[in-house]
Each structure stands twice: as C-alpha cells, then as structure tokens.
1. Output the residue which, of all residues in the range A:256-277 that are over 17 Å from the mean Cα position of the chain (by Cα) and crowded, with 24+ Cβ neighbours inside 10 Å, is nearest to ligand 2 (Cβ to nearest atom).
2. Answer yes or no: is there a residue in the range A:370-377 that is closer than 30 Å to A:Val67 by Cα, assigned to a helix (DSSP H, G or I) and of a type in the set (S, T, N, Q).
3. Of the residues A:Glu219, A:Glu191, which is modelled with pLDDT of 95 or more, away from ligand 2 (no atom under 14 Å from the Cβ) and either acidic (Asp, Glu) or not assigned by TED's automatic domain parsing to the domain that holds A:His146 (or both)?
4. State all residues of the range B:155-182 that are over 30 Å from B:Ala103 (Cβ atoms) and not aromatic (Phe, Trp, Tyr); if no residue qualifies, say none.
5. Counting only residues that are in contact with a Phe, Trp or Tyr (Cβ under 8 Å, 6 or more places away or on another chain) and within 14 Å of chain B (Cβ to nearest Cβ), which one in the range A:75-93 is nearest to ligand 2 (Cβ to nearest atom)?
6. Counting residues that are more than 14 Å from chain A (Cβ to nearest Cβ) and modelled with pLDDT of 95 or more, which strands (runs of 3 or more DSSP E) fully inside the range B:240-302 reach at least 3?
7. So B:Gln93 passes all but one of these: (1) within 12 Å of ligand 1 (Cβ to nearest atom); (2) out of contact with any Phe, Trp or Tyr (no Cβ under 9 Å at 6 or more places or on another chain). Which condition number does it fail?
Amino acid sequence: MTDSAVAAAASPQAAHPRLARPVSDQPELVQLLTPEGERVEHPDYAIDLSDDELRGLYRDLVLVRRVDAEATALQRQGELGIWASLLGQEAAQVGSGRAMRADDYAFPTYREHGVAWCRGVDPLNLLGLFRGVNHGGWDPNEKNFHLYTIVIGAQTLHATGYAMGVQKDGAESAVIAYFGDGATSQGDVNEAFIFASVFNAPVVFFCQNNQWAISEPIEKQTRIPLYRRAMGFGFPGIRVDGNDVLACLAVTRAALQNAREGSGPTLIEAYTYRMGAHTTSDDPTRYRLSDELESWKLKDPVERMKAYLSRNGIATQAYFDEVERESAELAAYVRKGCLEMPDPEPLSIFEHVYADRHPLLEEEREQFAAYLETFERAEGTR
Amino acid sequence: MATITLAKGINMGLRKAMENDPKVLVMGEDVGKLGGVFRVTDGLQKDFGEDRVIDTPLAESGIVGTAIGLALRGYRPVCEIQFDGFVYPAFDQIVSQLAKMRARALGKVSLPVVIRIPVGGGIGAVEHHSESNEAYFAHTAGLKVVVCSNPVDAFFMTQQAIATDDPVILYEPKRRYWEKADLDESLTLEDATPLHRARVAREGADITVAAYGPVVKTAMEAATAADEEGKSIEVIDLRTLSPLDMPTLCASVEKTGRLVVVHEAPVFLGMGAEVAARATEACFYSLEAPVMRVGGFGTPYPPSRVEEDYLPDLDRILDAVDRSLAF
Ligand SMILES: Cc1ncc(C[n+]2csc(CCOP(=O)(O)OP(=O)(O)O)c2C)c(N)n1
Ligand SMILES: [Mg+2]
C-alpha cells in the first residue's frame, strides 16, 4: 500500500461504502425517424401527418437553414455585428415550433430563428438585433413570440409567469420556454422549474442540448442526463432525438396538450448538436475535435427528412427543386432587407425608456440635440 | 522591455500571482481551454491545470458564491464574469455576502476574492455586453473597485488586486484589450503605483480632466487636440473608484482650477457625481467653474449602430472643456 492509500484507509470516510455515482449512460430517446430516414414507431408518440404536412416540415427545415446561412454570410461581410447560428438544430426548432397553436406563446433565447419562422416572425426582425439597429424591437404579442433573451436562463421565469397568467385566466393555451444545456445551471432556470411545478403552470421547458455552452461540454453542467432533472422538481422529463423533426413535433405536441389540460409542466431535452461555432465571434477549433462534428453530420436533420420523403415517394425531385428555388428567393429577401435597414437616428437613443414623461431625460435629450446641431451648423458653413 | 496588450498584461499578472501563491485560483465560464472569450486567461489552464483554472458551470451566482467558500477555506479565487451585463445574477452574492462578511465576523474572516469584469462599450456588441455598472459596486461598502486603463497598469493592478485581503472588483476596459504598451520587466510590484492611487497621466495647466478605464485614452487624445488650440489639459487616470484617491485629484484641481469628469456610465448618480461633490467640497475656493460631467445618457446602452453617439468622445470632452474654460 502507498502512503496515501494507508491514509485513505484510515480516514473516517473509508469506513462507509462509497455512495453510487449517478450513471450517465446513454438513455433511450424518442425517435420516429432514424438518421437514415427510416420511419420507426414509438409506443407513446404516434404521429400521423398528411403528405402535405410532411413536405411542409421539410420545407421549413430547408428555409430556416437557408436564412441562417445568409445571416452568417452577412456577418462575414460586415453587415451584421454577430450571428448565432442554429445550424444542426433545425429539427428541434421546427418540430417544437410547429407543435404550437396560434394562441400558445414562446419565450426564445437568441438562437431560436427556426421557432421564429414557425411563428410567422419576419426574419428581418431577427436581424435588427444582430445588426445593431435595435434590441429586438418586434411586438411580442403579434405572433406570441417574445423578444430574444440574451441573459442566459432569464426567460424561463418569464415563460413560467406568463403560464401562471394563462392559468389564472382559465385560458386553454400553453407556453414554451426555450433554453440551452448551459442554461440549466442557472439559478433562474431552476427557480422556473420550481415555480412551474408548485403552481402546476401550463409551461413546456424545451431544452436544446446541443452539447456545448460556448467552449464548455455538457459534462461541465451535469452528471445526469438533463431530462432526468425534471423528476426531482416533480414533473415529467423526456429526451427526444433533436435531429428528428417528427419526434420533436410529436413529443412537444403531447407536452403542450398536457399543459393545456392542466397536467402541468414537462421538460423536453432535445438531444442535438451545435454544428457551427457558438457565434460568428467564436473559434471552436480551440476546444473541440472535428471527429465529433463528423459523427453528427451523419445525423443531419434535413438530410434524414429528405431521405424519408424521397424513399417513400412523398416528394419528388421537382418538389425539392421548388423548395431550393424558394429558399434562394428568401435568402435574397433577407439580404436585401438587411442592407436596406437604416441606422437609427442618434436621438432615438432617448425613446421608449419610460411610459411617462421624464424631465431629466428630456433635458439630456435637448442638450444632446443642441450639441448635435452645432456640428450640422459647422458643416453648413464649410 | 516587452510590448504587451492590455489583455496580455492581465494574463501575465494572473500568471505571476499563480506562480507566487499556490492558493490563487482562476474560475469562470470558458476560462480554461478556450482561455476566455477575450483570451485573457489563455494558456493558464495548460500550465496550471484544471484544478487551478476552473471552467465552472454556467451560473454567475454559483461562481461568486463558491469563490466565497473557497476564500473561507484559504484560497484566493479570481472570478471572471464573461461580460459586464452578466454580473447581475451574482449581485446578491457580491453585495449581501462578499461585501459584508468581514464586518459581520468582526474582522475574523477575510475574503480575498477578485472579480474581473470586462467593462464598457465600443466593440459593436449586442445588448448586455457594453455596460458600465461600476457605480453599483462602488456604492457598496466592503468592496474595493478599481479600473485599469493601459497594459502596464493591467499587469500590476491584477497582481495587487489578488494580493488584497478585501474583495476587489477589477474592471477591464474591453475595447482597450488590444491596446499596446511597453512593459519594463525588471520592475516589481514595489515599483508600481499603489493600487489605490490615481495617476497624473498627462500634465497640464488650464483644466483637469479626470477619467478612468476606456475613456482615459479618449481624454489623452482630447488633451493632444486641445494643445493645438493652446489649451493645456491635465489628465488624471482615477484608477481606483473605491476608495477614491481625492488627494491626487485635488492637487490637480487646485493647480488648474477647473475639472471635467468623464466616464461611459450614465452621468446620473455615476462616479462623476461623487467626484464632483467631493471636489467641490474640498477645492471650492480653487474652482473657477462648476465641475462638468461627460458620460452616458440616462437610457439603456443603445444598439451598436448608435453607440458612438452614446459614448463620450473627444468632441464631447472638448465641448465640456470649452464650457468650463468659458465660464
Ligand atoms: C447570465 C449570462 N452569463 C453568461 C452569458 C454569456 N454566454 C452567452 S451564450 C453562453 C453559453 C450558453 O450555452 P447554452 O445555454 O448551452 O446555449 P447555446 O448557446 O448552446 O444555445 C454564455 C456563457 C450570458 N449570455 N448570460
Ligand atoms: Mg448549448
């Protein structure tokens, strides 16, 4: 025995059996479409979609990916300050997004461009924040899609509170809170779980576990699969294949329906992968291996849907071509709209800070306006 | 002599402190393998191991709260908050716990915790990445608050903050991370300006401009521009906000008779208010004009495409200088 082993044997803890560590084995995940595009059944999550609906999901996936690629390109060309790409997470977002009814309400992070698409939010609205012309600026109540929240986890409490309001109103709607794997470490998210549980709020917690929080792998946040956390808070948790749009749709639909019917919250862990950098400012080669990326490429959400559609004669090449054409059009629309977005006026800084008048702020505004005028005058005399 | 950036200065300061004291830890989000989103902790985990350079779970309250526990156990944690706007989840731990524990224990415990915060705007970022929240912490008894403005100060102030037995909030002007300066490597901590001392960054005769952090450089540029118009500006880099070094400032104001205070944070209840009030009390008979303040507006930090209008720039400083001189 080494000295340290002797010391360990003599230590009081050594007399007790070691508590079993939670195992992080790979648990079952709900899947309805294999990575090869083969349709499989799940006992709890049957789904029956028309060919039109199936094609529609594919179209969503492609268009959402195209908008994302265009935004990344616009950032590279200096037209956006930064962009947070959803590459790889299209199925999780389109599946859950299409599970919502019009009266349901979504609280996104900064990466939910696919959910926004499903809610009917104009992609140009999303670009404003990343271009730096506003902090979001759209009316959340127009499409029941809240502003992007950048402070990690904060929106989960807003979603829970909103759901508590829905419940008090006796309305039959549900709320969905989006967040990442990293966010599950935040106090706010854990508090949201508790409030939702205690008040039986009609809210679905939709966690996209894309395996990374910037440079930190999921192991830095948890020792058990995330969906199992729900049990400790007193509501069901489920892991779904986040690259399978059908499974994401089926599972989220069921969870939203449960919420509407008064069965309280559900945690959905959509198991997926962040295929790109965290944002355009990030360099993932500093912290992760390309093998991992390669293995996830084989699980691509768009390709698997395409394989399913063509193999089963649900869509023909002509349809795929048509979607391709449409996506090029959408990209052109996004590009043009972005380039035409005007810079805000300097004095707009002072707008919308308060509902009521604020004399000190008005004074500051007037002083600044007068100051700006001195430059205009100087230019005029030149 | 080595030419270093401000980010490198902090990196070297951390490294020195870690070499000298095995109790010094670095902890935060992405500080390990990535070296932080600004690469300030680059290479530290490789050299000191995961035990001392810790990638924490994504929870600021957790970072500061556990740093307090580690400090109680004899460690000297240096916490990184990724961006100024993300310190608020840790607000309770900082303001109610970290700041007050020494007094509650009648001096029987020390919490030598450093909280590093990249601060301020000017990098074209989205919201919550450009805040100047120093007044919240300077307003809190029990915390020391310092701001570096250049690579050499960054190197020394980091080490001095870590050596301090009180909790220190160390602000790093993020838009100046890539500014360069020469560091004389033969200098030791004893040669450095004491942590809680302001510094005359440029001597002048007609008016004092006091600034800290990112706008010290702006003030220096304003002084150069004013020189060409025959106005001589003395620039004071305040460096320490709590405690404030009033003697250094007052000596300058007594010489020039005029004072302009510049910061990025909103003017309303900002550090400039405290400095102006104290300067007025202490140097009333030397002042030829009211103390002027140049800073952010009473609005949220604006979208990046208008941030240049929000940030105090050379022209706004010179405008205040002219108003003071014309008074
Ligand atoms: C309170 C807070 N702390 C830190 C950050 C900086 N930050 C932005 S994104 C991010 C990682 C988020 O990871 P995850 O929750 O997994 O979401 P993902 O980005 O992978 O979608 C961090 C640390 C932040 N935005 N908010
Ligand atoms: Mg993640």
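1. First, pick out the residues of the range A:256-277 that are over 17 Å from the mean Cα position of the chain (by Cα): A:257-265.
Cutting the leftovers down to crowded, with 24+ Cβ neighbours inside 10 Å gives us A:259, A:265.
Details: A:Ala259: 24, A:Pro265: 21 Å.
Applying the filter and picking the extreme gives A:Pro265.
2. First, the residues of the range A:370-377 that are closer than 30 Å to A:Val67 by Cα: none.
There is no residue in the range A:370-377 that is closer than 30 Å to A:Val67 by Cα, assigned to a helix (DSSP H, G or I) and of a type in the set (S, T, N, Q).
3. Details: A:Glu219 fails: away from ligand 2 (no atom under 14 Å from the Cβ).
Unique residue meeting the criteria: A:Glu191.
4. First, the residues of the range B:155-182 that are over 30 Å from B:Ala103 (Cβ atoms): B:155, B:173-182.
Residues satisfying the conditions are B:Pro173, B:Lys174, B:Arg175, B:Arg176, B:Glu179, B:Lys180, B:Ala181, B:Asp182.
5. Residue satisfying both the conditions and the ranking: A:Ala84.
6. Working: elements: B:240-242, B:259-266, B:292-296.
It comes to B:240-242, B:259-266.
7. Among (1) within 12 Å of ligand 1 (Cβ to nearest atom); (2) out of contact with any Phe, Trp or Tyr (no Cβ under 9 Å at 6 or more places or on another chain), the lone unmet condition for B:Gln93 is (1).
Residue by residue, here is whether (1) at pLDDT 95 or above; (2) farther than 30 Å from B:Gly69 by Cβ; (3) outside any loop (DSSP other than H, G, I, E, B) holds:
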{"residue": "B:Ala154", "(1), (2), (3)": "yes, no, yes"}
{"residue": "B:Asp166", "(1), (2), (3)": "yes, no, no"}
{"residue": "B:Arg175", "(1), (2), (3)": "yes, yes, yes"}
{"residue": "B:Ala181", "(1), (2), (3)": "yes, yes, yes"}
{"residue": "B:Leu195", "(1), (2), (3)": "yes, no, no"}
{"residue": "B:Ala201", "(1), (2), (3)": "yes, yes, yes"}
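The values are calculated or read from the model by the stated rules, or taken from the named source; none is laboratory data. The structure displayed is predicted, hence computed values, not measured ones. All Cβ positions, glycine included, derive from the backbone under ideal geometry; neighbour counts span all protein chains shown. SASA here: full protein model, heavy atoms, side chains in, ligands and nucleic acids out. Shrake-Rupley method; radii C 1.70, N 1.55, O 1.52, S 1.80 Å.
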